[in-house]
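A.B. asks: Attaching a single structure in structure tokens format; questions to follow.
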Amino acid sequence: MKSILIFSLITYLTGSPLLALAVIIIIYLFIDRRYIGLLPDFGARWRRKRRTSELEKVVRANPHNGDALLELGINYFNRGRYRQAYEFLERAYPRMKDWPEVHFYLGAACYETGEAGRGIEEIARAVEMNPKISHGFPYIYMMRSLLDQKDGGDKKLSDLEVSLLRHGSVQAFFEAGKLLRKHGRKSVAEKFFREVLENYSFASATFRRNYRKMAIMSRYYLKS
């Protein structure tokens, strides 16, 4: 009833039901981005593309700029364009060998493009250099490698789970839970989903907005 009254009021003020609907949608999008966080960030894709274009200009002007090559590779990786990510990360590699980020992202790009062996080697090197690198996602790749190989290395998996819980982010916990659930390790997956919910319960309002969708899905997975 309240929604109908609001719609009627805005229609009266704007003189158009379609314009009133557009105003309501804009208001809802603003409230969601500011306080709720259930809808995707529609501007993120555009911002990544714009940054990619800027970095490509830098690399064309200076093909030896390791920082730009690394950031460009990471940008392509985060967009799911692993082959292009690999090309730029491979070029950054000789100039950035002391950076754990280049080892992790190059390793992850290798893994995603079919070079699992080299990928895991590079990821392991990144973890050796900095156990906290990329908020725990290297451990997910190493877990994924063991699970994909059906290695049966329960001790190795257990060690990786402990490391992930120590160094991972809420997003990493959620992704680990989904991975383990997919491979039939439901009890271990539940541990990570509960970790998501625990972090959510203690989070500030800002972080709750970022975690809300993962918390909702974690509750769903725990009940299903």
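A.B. asks: Looking only at region 201-224, filter to residues that are among the aromatic types (Phe, Trp, Tyr) and modelled with pLDDT under 90; which one of those is surrounded by the fewest Cβ atoms within 10 Å (Cβ to Cβ)?
C.D. replies: Phe202
A.B. asks: Please enumerate the residues belonging to region 164-200 that are small (Gly, Ala, Ser), surrounded by 18 or more Cβ atoms within 10 Å (Cβ to Cβ) and within 22 Å of Ala126 (Cα to Cα).
C.D. replies: Within region 164-200, Gly168, Ala172, Ala176 qualify.
A.B. asks: Follow-up. For region 118-134, indicate whether the set of residues that are on the phi > 0 side of the Ramachandran plot and either aromatic (Phe, Trp, Tyr) or surrounded by 15 or more Cβ atoms within 10 Å (Cβ to Cβ) (or both) is non-empty.
C.D. replies: Looking through region 118-134, at least one residue is on the phi > 0 side of the Ramachandran plot and either aromatic (Phe, Trp, Tyr) or surrounded by 15 or more Cβ atoms within 10 Å (Cβ to Cβ) (or both).
A.B. asks: Do we have any residue at all in region 182-195 that's within 18 Å of Ser134 (Cα to Cα) and at pLDDT below 95?
C.D. replies: Checked region 182-195: no residue is within 18 Å of Ser134 (Cα to Cα) and at pLDDT below 95.
A.B. asks: Please state which one of Met129, Met142 is out of contact with any Lys or Arg (no Cβ under 7 Å at 6 or more places or on another chain), over 25 Å from Phe202 (Cβ atoms) and in contact (Cβ under 8 Å) with a residue 24 or more places away in the chain.
C.D. replies: Met129
A.B. asks: Among the residues of region 100-128, write down those that are in contact with a helix residue (DSSP H, G or I) (Cβ under 7 Å, 6 or more places away or on another chain) and assigned to a loop (DSSP other than H, G, I, E, B).
C.D. replies: Correct list: Thr113 only.
The values are calculated or read from the model by the stated rules, or taken from the named source; none is laboratory data. Predicted model, so just to flag it, every value in this text is computed and none were measured. Glycine gets a Cβ as well: all are built from the backbone with ideal geometry, and neighbour counts include every protein chain shown.
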